[in-house]
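Input: a single structure, listed below in structure tokens.
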Amino acid sequence: MHVTKRGEGRLDRSEGWGTQDGIDLRWLIDSALGEAPRGAVGRITVEPGAAQAIHRHPGSEEATLVLAGSGSALVGGAEVPLERGNVVFAPTGTAHGIAAGAEPLDLLVLTAAADGASAGWEDTAESANGTEATVLSGREVDEQELDDTTIGFIGMHARWLVDTEICGAEGIVLGVSRFRPGDGVHDLHRHPGTAEFFIVLEGAGAHLDADGAEVPVAVGDAAYLPINSWHGFRNTGDVEVQAVFGFMDVPSFDDAGYELPES
């Protein structure tokens with residue numbers, strides 16, 4: 001398990017990603033932070049009135065989740081309003097951009113590449129493969145209530161935002177979850193098919209490790225759970241934990257796999 005505190009994220013000033021005025025990008029998980037071989041997770045702040053140049057990533061698809069604020073996405077030649085909970089999904093090589101309105105945008109970005117350089121950046125309004133980026137509401141599927149100790153869930157809710165069924169994703173899965181105050185827990189488990197990331201958005205909790213240890217995490221902390229590693233999470237506070245999580249290099253939860261300890 002690797003945990004990157006939000007303040008420890010790596011500022012990116014490489015071409016495209018972090019060079020536009022009014023935009024701050026900090027990677028939380030990639031090939032250097034956590035040694036993630038196929039997937040990078042970052043936080044982007046777009047100041048009021050600032051915007052990304054319209055661009056495409058030749059080396060990876062990308063999902064960008066609006067955590068706070070409002071603005072617009074430039075996709076398919078149209079300007080689409082953005083608000084909290086929306087996702088901009090850009091298949092590999094599709095043109096897109098994001099602009100903030102009167103308030104700043106706080107964004108989470110997920111790629112299927114090892115880092116920003118591997119995803120690449122090309123300033124262009126043309127998509128390369130005939131497909132287009134899209135804006136998802138974040139409510140394409142219903143939230144699931146998860147409260148079954150036989151499969152390791154206590155006092156949880158989860159909603160899928162991006163996967164192959166929702167939007168045709170090929171190598172990224174994104175979701176949000178909630179943990180009940182006091183006893184909300186996802187018991188120890190592992191994914192034999194891929195690695196996972198998990199970021200606390202509200203509340204406080206602890207990641208569970210195979211040796212029984214607990215690793216405290218606060219708002220903004222990003223945990224990287226390597227492929228086939230035992231892990232879990234529990235709410236340690238008196239308010240609901242809200243979190244965002246995802247898988248790297250697979251198109252669905254089924255492809256990630258899910259195993260509980262035998263005893």
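Worth pointing out:
- Listed values for region 130-135 are Karplus-derived 3J(HN,Hα) couplings in whole Hz (6.51 cos²θ - 1.76 cosθ + 1.60, θ = phi - 60°), namely x, 9, 10, 5, 9, 9, and x replaces Gly and Pro.
- Distance cut-off 17 Å, percentage of C-alpha pairs in region 127-242 lying past it: 61 percent
- Shape call, region 1-60: gyration tensor on alpha carbons, a/c limit 1.5: oblate
- Rg/Rh ratio calculated on Cα atoms of region 109-166 (Kirkwood radius): 1.14
- Relative contact order of region 92-133: 73 percent, from C-alpha pairs under 8 Å at least 6 residues apart in sequence.
- The spacing between region 85-139 and region 157-226, judged by their C-alpha centroids, is 22 Å.
- Mean Cα-pair separation over length for region 144-256, i.e. relative contact order, pairs under 8 Å, 6 or more apart, %: 33 percent
- Anisotropy class of region 2-136 from Cα gyration tensor, a/c 1.5 cut: oblate
- On full extension, the segment bounded by Asn228 and Ala125 gains 33.1 nm, given 0.36 nm per residue less the C-alpha separation.
- Sorted fewest first by neighbouring Cβ atoms within 10 angstrom, Arg234, Arg159, Arg84 come out as Arg84, Arg159, Arg234.
- The chain: C-alpha gyration tensor shape, a/c 1.5 cut-off, then a/b vs b/c: prolate
Rule-based calculations on the coordinates, nothing more; no lab input. Just so we're clear, the structure is a prediction, and the values are computed from it rather than from any experiment. Here Cβ is always computed from backbone atoms with ideal geometry, including for glycine, and neighbour counts include all displayed protein chains.
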